[in-house]
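What follows draws every value from the coordinates through simple rules; no lab data is involved. Here the structure is a predicted model, which is why all the values come from computation and not from measurement. Note that each Cβ is placed from the backbone with ideal geometry, even for glycine, and that neighbours are counted across all protein chains shown.
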Amino acid sequence: METSEKVSVNMNIATLSQIDLLVDKGYYSNRSDFINQSVRQALNEKRSVIEDMSQQQRNLDFRWFIGVMSLEKEELLKAKENGIKIKIKGYGLLGIDSALDDIVIENVESIAVKGKVICSDRIRKHFKLR
């Protein structure tokens, strides 16, 4: 399962020239390395904000995730056993094995993901995923 995605970023020439200088001097292996490290640093600075928001979401009535999540058969069977329909909401990558299509359709009420969902065409159509 591919867990990375290409992102395009527009930068002004002055900023890009400073990045290129740091790359040329060996501080970073290339522009992508600089951008990745800078993004990780910015996310680390906001880690407590992200954790607070994650905790608030987990207390609601849906299965919430950030990052990478795979919908598992055991979770679906437990929902069926308890007579509940799962609502899935998150940011990142959601993977659903096509072998689970029937049980997903039966036990999942909704799927809302800001990111990417890897699933069968049947699931994509049923939940109106792009």
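In whole Å, what are the extents of the chain along the principal axes defined by its C-alpha atoms, from largest to smallest?
60, 32, 22
Considering only Cα-Cα distances, which of the following residue pairs are longer than 19 Å: 6/73; 78/125; 85/114; 87/114?
Values: 6/73 30 Å; 78/125 24 Å; 85/114 21 Å; 87/114 14 Å.
Exceeds cut-off: 6/73; 78/125; 85/114.
What ranking do 14-20, 118-124, 83-89 get when scored by the average of other Cβ atoms within 10 Å per residue, highest first? Let's see the in-between values first.
Details: 14-20: 12.0, 118-124: 16.0, 83-89: 14.4.
Put in order of decreasing packing, that is 118-124, 83-89, 14-20.
Which aspartates and glutamates does residue 80 reach when only Cα atoms under 18 Å apart count, and residues fewer than 8 places away in its own chain are ignored?
By straight Cα distance, residue 80 reaches 61, 72, 97, 101, 102, 106, 109.
Taking the 0 to 90 degree range and rounding to the nearest ten, how far is the long axis of helix 31-45 tilted relative to the main principal axis of the chain, both from C-alpha atoms?
With both axes taken from Cα atoms, the answer is about 60 degrees.
Against the longest alpha carbon principal axis of the chain, how many degrees, from 0 to 90 and to the nearest 10, is the axis of helix 73-82 turned?
40 degrees
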